[in-house]
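The values are calculated or read from the model by the stated rules, or taken from the named source; none is laboratory data. Bear in mind that the values here come from a model prediction, so they are computed numbers and not experimental data. Cβ coordinates were reconstructed from backbone atoms using ideal geometry, including for glycine residues, and neighbour counts include every protein chain displayed. In case anyone asks, the SASA skips ligands and DNA or RNA and just uses the protein heavy atoms, side chains included. Shrake-Rupley method; radii C 1.70, N 1.55, O 1.52, S 1.80 Å.
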Amino acid sequence: MTMTTASLDAARPSRPSLLARIGTQNLSLLIALVVLLAIFGALRPDVFFSWRNMVNIGLAITILGILAMAQTIVIVSGGLDISVGSIVGLSTMVLAVAVQQTGSVGIGVMAGLGAGLFAGAVNGVAIVYGPVNAVIATLGTMSAFRGLAYIINNGNSIPIQGDALRQLGTGTLLGLPFAIWLLIAVMIIFMVFTQKTIVGRNIYAMGGNPTVARLAGIPIKRYQIGIYAMSGVAAALAGVVLAGRTMSGQPASGSQGLELEAITAAILGGAALQGGKGTIVGAMLGVLIIGVLNNGMILTSVPTFYQLLAKGALLILAVVVQERQRAKRGE
């Protein structure tokens, strides 16, 4: 029995369109990003599109990018981590103290990452075994971790000596700063984790429908603790980048307010507060939009309070758009 050309075509699986591959949400973000680039490029054509300024934008979003990608995974799982900014500050202080005591940058970095892991695990345990609502738990630890960072050296910063750490903050490879290469590496790791691993797919399942996920045998409690521990390590890694940039441990400077920007970027990128939806690519597009917006407003001399207003409005707009889309889908 022979098949006609028409029946053969019908039997072949249809390839997704370009729009389907990119995603409507990501396409909207790309358009918004292009519009912002065009606006600020027109306002400051002499500076905005220069290579130096593009690198400056990349450096400015490194810390936020790491936090936003981790925050996306937390939100996808059905949670929220408001303590990440405080963990960044705490990890820089622990790193600085460890370097002072041992003289080793490597030990200092490990100590900083360990502090982030411990802080994240504390969040997870409080949420799972408290049980405490994720927003309330991480709001409380945000204050606690910030206070601990101040206590370490009576609220003062701690200088750090070490060429290896300075290289992370100011060194370059193939014309790009090491910090940007680190951001790219973290993005690839998170993309592989969420798209190609069973654990990553299970996180989407538990965020989308926790009851079904539990009945399917997914250990929800262990996953939740692991996710918040991962968020803590990501915040500590961002703290290492901050320490390399400032060559000091900072209890608050440079880290305060990062939690709001990370949540804004994640939600802007399509992460649903109800859980189960969100992508690493979307989060990075959200980070780029925030980075370009910040950079453009600085170049055009927009006052700081207007910048804060723009960031807050962006978060509200992202949530409103998301809720309207949910209503249209009948969710």
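Quick check: residue separation of I136 and M191 times 0.36 nm, minus the Cα distance between them. What number comes out in nm? Intermediate results must be reported in sequence, preceding the final value.
Numbers: separation 55, 0.36 × 55 = 19.80 nm, distance 2.89 nm.
The I136-M191 span can extend by a further 16.9 nm.
Can you pull the one-decimal nm distance between simple spin-label points at Y129 and A144, each 7 Å off the Cα toward Cβ?
Here the modelled spin labels are 1.3 nm apart.
Using a Gaussian network for the chain with springs between C-alpha atoms less than 10 Å apart, which of these wobbles most: Q101, Q250, Q167?
For the chain, modelled as a Gaussian network with Cα springs under 10 Å, the answer is Q101.
Accessible area per residue, 1.4 Å probe, Å², for the range 141-235: what's the number?
Numbers: 5240 Å² over 95 residues.
Using a 1.4 Å probe on heavy atoms only, each residue of the range 141-235 averages 55 Å².
Evaluate E = 1/(1 + (r/R0)^6) for N153 and R52, where r is the Cβ-Cβ distance and R0 equals 45 Å; express this FRET efficiency to the nearest 0.05.
On the way: r = 35 Å, r/R0 = 0.77.
My answer for the efficiency is 0.85.
Using unit Cβ charges (K, R positive; D, E negative) and no other charged atoms, how large, in debye to the nearest 20, is the dipole of the chain about its Cα centre?
660 debye
Provide the solvent-accessible area of K196, counting protein heavy atoms only and rolling a 1.4 Å probe, rounded to the nearest 10 Å².
K196 has an accessible surface of roughly 150 Å² with all protein chains in place.
Note the count of lysine pairs whose C-alpha atoms are less than 24 angstrom apart in the chain, limited to pairs 8 or more residues apart or on different chains. Let's see the in-between values first.
Working: K196/K221; K196/K277; K221/K277; K277/K311; K277/K328.
Within the chain, the lysine pair count is 5.
On a full-extension model of 0.36 nm per residue, what is the gain between I198 and D163, subtracting their alpha-carbon distance, rounded to one decimal in nm?
Values: separation 35, 0.36 × 35 = 12.60 nm, distance 3.95 nm.
Full extension from I198 to D163 adds 8.7 nm.
Specify whether the C-alpha gyration tensor of the range 194-260 places it in the rounded, prolate or oblate class, a ≥ b ≥ c being the square roots of the eigenvalues: rounded for a/c under 1.5, otherwise prolate if a/b is larger than b/c and oblate if not.
Values: a/c = 3.55, a/b = 2.92, b/c = 1.22.
Verdict is prolate for the range 194-260.
Using a 1.4 angstrom probe on heavy atoms only, work out the carbon and sulfur share of the accessible area of the chain in %. Before the final figure, lay out each step's value.
Working: 10950 of 16260 Å².
Accessible surface attributable to carbon and sulfur in the chain totals 67 percent.
Provide the gained length on full extension for the span V212 to L37, in nm with one decimal, where the gain is 0.36 nm per separating residue minus the Cα-Cα distance.
On the way: separation 175, 0.36 × 175 = 63.00 nm, distance 4.35 nm.
Fully extending the segment from V212 to L37 adds 58.7 nm.
Helix hunt in the chain: which complete DSSP H runs extend at least 30 Å axially by C-alpha with mean Kyte-Doolittle at least -0.5? Present the calculation step by step, with values, prior to reporting the outcome.
Working: long enough: 51-76 (35 Å, 1.62); 105-129 (35 Å, 1.75); 220-246 (39 Å, 0.90); 304-329 (38 Å, 0.32).
The qualifying helices are 51-76, 105-129, 220-246, 304-329.
Rounded, prolate or oblate for the range 134-261? Axes are the square roots of the Cα gyration tensor eigenvalues, ordered a ≥ b ≥ c, and the cut-off for rounded is a/c under 1.5.
oblate
Take the eigenvalues of the Cα gyration tensor for the chain, scale each by 5, and report the square roots as semi-axes in whole Å, largest first. Could the numbers behind the result be given before it?
Details: eigenvalues 236, 142, 77 Å².
In descending order, the three semi-axes are 34, 27, 20 Å.
Cβ under 12 Å from A70's Cβ, A70 left aside: what net charge do those residues give with Lys, Arg +1 and Asp, Glu -1?
Working: positive: none; negative: D81, E259.
Here the count lands on -2.
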